[in-house]
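Below is one structure, written out as C-alpha cells; the observations come after it.
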C-alpha cells in the first residue's frame, strides 16, 4: 500500500467538486483555512459549477479531477463535498494513473467511491472532513486538528467511550470503509473494497433501519461479515427509528454481527457529524475494545 507523502509548508492542495454542487462560500472558506495552514490552494475550473444536482457535467467534473491528479505541483486533492455523482468518474481514471501520481484524496460520504478507486490502485486515501467543516468549524475542533496533523505526517490515536453494544477484543489489520450505501453499491465490481481480514468502518446518512439491515444482509450473504478482523460502527444520522423493525438502528447492527467473535466498536467519531475523525483508508491499525472503551491506533 502506497502512503502519500506528508505535506510541507508551501505545498499545493487542489479543491475539486466531483459530486454534487456546493455553496461557493464553503469552497472559499476552506481555501482560506488551508492557506492559513501554510498551503497554496488551487481551485478546479468547474468546482463552483452547477449542472442539475451536480457540480458540472461528468466530463467537467472528471477533467478537474484528472487535472489535479496529473499536476505534479498538487500534493493533495480535497473534494469540496459529497452528495451524489462520484461514481460517474470511476471509469475515467485508471489504477495506473492513481499509482503513478500517488497523492491524498480527501473527503467522505459519496467520496467513498473515490476512496474505493484509490484502494483498488493500492494507494491510501483520507476519509476526512470537507469544505463545509473547514469553513464552519474552528482550528481547535478535534477533527480539524487531526486532519491538519495527518496531512503533516502525524499519525493519530483515537479513543471512543464505552458502549453497551461493544464487543471486546483486539485486532491488527488494514482499515477500509466509509459510507455504507455507496460501498454496497460497488459490491462485486472492480471497486469492491470489502476484503478478508480487514477492519471495516461504516457510517451513513438518511438511510432507514430496514435499508441498512438489507445492506448488512447483503454483506453477510456475500461472505464479507464473517471474514472481518473487526468492525467500527460510526454515526448513522438523519433517519427516523421504525418501531415496526422491533429494534433500533444500533440494536439491529449489533444483532447482525452477534454471531462473530471479532472486536466491535460502536459510537466511533466518524460520519456526518462534527466529530468526523480522519481515517487513513488502507493503513494498518490496531483496534482495541475493552470494557472502558475503544482505541484505534495508526
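For the chain, the longest principal axis of the C-alpha atoms and the axis of helix 142-151 are separated by about 60°. With springs only between Cα atoms under 10 Å, which of 20, 50, 125 fluctuates most in a Gaussian network model of the chain? Maximum among the listed residues: 50. Which shape class applies to the chain: rounded if a/c is under 1.5, otherwise prolate when a/b exceeds b/c and oblate if not, where a ≥ b ≥ c are the square roots of the Cα gyration tensor eigenvalues? Prolate shape, in that a/c is at least 1.5 and a/b is the bigger ratio. Taking Cα atoms only, the orientation of helix 209-221 departs from the longest principal axis of the chain by about 80 degrees. Here the Gaussian network model covers the chain, with springs between Cα atoms less than 10 Å apart; of 110, 240, 28, 240 fluctuates the most. Modelled spin labels at residue 24 and residue 218, positioned 7 Å past Cα toward Cβ, are 3.8 nm from each other. With springs only between Cα atoms under 10 Å, which of 266, 70, 236 fluctuates most in a Gaussian network model of the chain? Between 266, 70, 236, it is 70 that shows the largest mean-square fluctuation. For the stretch 141-298, the square roots of the Cα gyration tensor eigenvalues, ordered a ≥ b ≥ c, give a/c below 1.5, which places it in the rounded category. The ranking of 119, 78 from fewest to most other beta carbons within 10 Å of each one's beta carbon is 119, 78. Reported to the nearest whole Å, the Cα centre-to-centre distance from the stretch 28-51 to the stretch 186-222 is 32. Label reach from residue 53 (point 7 Å along Cα→C-beta): in the stretch 131-147, no amide nitrogen lies under 15 Å.
Name the shape class, rounded, prolate or oblate, that the alpha-carbon gyration tensor gives for the stretch 12-151, where a ≥ b ≥ c are the square roots of its eigenvalues, rounded holds for a/c under 1.5, and otherwise prolate holds if a/b is larger than b/c and oblate otherwise. Since a/c reaches 1.5 but b/c is at least a/b, the shape of the stretch 12-151 is classed as oblate.
Consider a paramagnetic label point 7 Å from the Cα of residue 246 along Cα→Cβ; state which residues of the stretch 214-238 have an amide N under 19 Å from it. Only 214-217 pass the distance filter. Exposure proxy for 115, 88: other Cβ atoms within 10 Å of each Cβ, ordered fewest to most, give 88, 115. In plain terms, the chain from residue 196 to residue 162 could stretch by 9.6 nm, reckoned as 0.36 nm per residue minus the Cα-Cα distance.
Counting only alpha carbon atoms, the long axis of helix 58-70 and the longest principal axis of the chain meet at about 80°. Taking every DSSP helix (H) stretch of at least 4 residues in the chain, weighting each as -39,500 (n - 2.57) and dividing the sum by the residue count yields a mean residue ellipticity at 222 nm of -8000 deg cm²/dmol.
Taking other Cβ atoms within 10 Å as a rough exposure proxy, 17, 36, 295, 143 sort from fewest to most as 36, 295, 143, 17.
Every number here is computed from the coordinates shown, using simple stated rules; none is lab data. All values derive from a computational prediction rather than experimental measurement. Neighbour counts are summed over all protein chains in view; Cβ atoms, including those assigned to glycine, are modelled from backbone coordinates with ideal geometry.
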